[in-house]
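Take a look at the structure below.
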Amino acid sequence: ENQLARVEFLSGTTVVGTDTTAPYSFSWTNVPAGTYSLTAVAYDNSGASGRSSAASITVGSGSTMPAGQLSVDIGSPPIAGSTSYLNSVYTVQGSGEIFGMSDKFRFVYTQAAGDLDVVARVVSRTNTNEWAKAGVMIRESPAANSRDAMSFLSASKGFAFHRRPETGGISVTNSGSSRVAPGWVRLVRSGNVFQAYESGDGATWTLIASQTITMQSGVYVGIAVTSANAGART
C-alpha cells in the first residue's frame, strides 16, 4: 500500500526544507525581510505527489525604528513600500514618483520645527528608472501635494535639488554632479531658505542650489524613496 514518505516545503520554486516523519514540519531561520509564497509538496513511497495551496508569509526585519520615527506611503503609490532599520542603516523600498503637482513615495520621518540640517548617505539602490530617487526631505505635511524640499541622489542622473514651493504647485529641480551611489546628501533649512548639498565623503560639501520656500515652522523630516516606475519598487 502507498504511504506518505516525505514532505518538501518550498518558497516559490526553491526547496527550503524536507521532513520524512510525522507531523512533517520544518524550522525556517535567518530569513531576510520580505513576502514569500510557501507551498508543501507531499510524496508517497511510489513517487506520486500532491501540492498544497500557497500561503503568503511576510517576514519582518526584527528591528525597531528609532523612537519618534514613522514609515508611511505618501500619495498612495502603485506598490506599497516598506522600511527596516538595523545599526543605523535604513533599508527603504518605495514606488511611485516625486515630481509634478503631487507625489507618490515611501517616507521615513519624524516631526521637527525651526532650523534644520539633515544628512544621509545613500549606499546603494535598485535602478528601476534613471530618475529613481533616494534622499532627505523636509515636507510641510503628509499630503501628496504638500510644499517640500528634497536633496537626493538618483539612480543614474546624479545629485539634484527638488522642491515644490507652493501647495499643489509645479515641482522644480536643479541638477548637481553626475555621481552615482554611494554618495552623501544634505538639506539645510534656515528660516525659509532651503539649501541642498552633495558630497562624496560626507565631509566636503558642494551646494547644488537654494530657494526660499514659505513653510510653517513644524514640518515632517526624513528619508524619501521613490522608484519613478509604476511597476516596481526601488
Contact order normalised by residue count of the range 24-146, Cα under 8 Å, 6+ apart, percent: 18 percent
Overall dimensions of the range 76-145 by Cα: Rg and Dmax, Å: 12.8, 36
Positive minus negative residues near VAL41 (Lys, Arg vs Asp, Glu; Cβ under 15 Å): -1
Residues VAL31 and ASN174, FRET efficiency given R0 of 41 Å [Cβ-Cβ distance, rounded to 0.05]: 0.45
Relative contact order of the range 89-182, defined on C-alpha pairs under 8 angstrom at six or more residues apart (%): 24 percent
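Using R₀ = 30 Å, calculate the FRET efficiency as 1/(1 + (r/R₀)^6) where r is the Cβ-Cβ separation of THR126 and LEU4; round to 0.05.
0.10
Sequence gap at least 6, Cα distance under 8 Å: using those rules, report the relative contact order of the chain to the nearest whole percent. Write out the running numbers ahead of the final one.
Working: 633 pairs, mean separation 43.7, N = 234.
Computed value for the chain: 19 percent relative contact order.
Give me the accessible area per residue for the range 40-119, probe 1.4 Å, as a whole number in Å². Don't jump to the answer; show the numbers that get you there.
Working: 4420 Å² over 80 residues.
Using a 1.4 Å probe on heavy atoms only, each residue of the range 40-119 averages 55 Å².
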Karplus 3J(HN,Hα) series, Hz, for the range 150-166 with 6.51 cos²θ - 1.76 cosθ + 1.60 (x for Gly, Pro): 8, 9, 9, 10, 7, 5, 8, 9, x, 6, 7, 10, 9, 7, 10, x, 10
Rounded percent of accessible protein surface that carbon and sulfur make up, the chain, 1.4 Å probe: 50 percent
Enclosed volume per residue, in Å³, of the convex hull spanned by Cα atoms of the chain: 136 Å³
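Suppose we take every Cα in the range 143-234 and form the convex hull; what volume per residue is that in Å³?
Working: hull volume 10.0 nm³, N = 92.
Given the Cα convex hull of the range 143-234, per-residue volume reads 109 Å³.
If you take the beta carbon distance between THR206 and THR64 as r and set R0 to 30 Å, what does 1/(1 + (r/R0)^6) give as a FRET efficiency, to the nearest 0.05?
Rounded to the nearest 0.05, the efficiency is 0.30.
The values are calculated or read from the model by the stated rules, or taken from the named source; none is laboratory data. In this text the structure is predicted, and so the values were computed from the model without any measurement. Cβ: placed from backbone, ideal geometry, glycine included. Neighbour counts: every protein chain shown. Note: accessible area is taken over every heavy atom of the protein model, side chains too, but ligands, DNA and RNA are not part of it. Shrake-Rupley method; radii C 1.70, N 1.55, O 1.52, S 1.80 Å.
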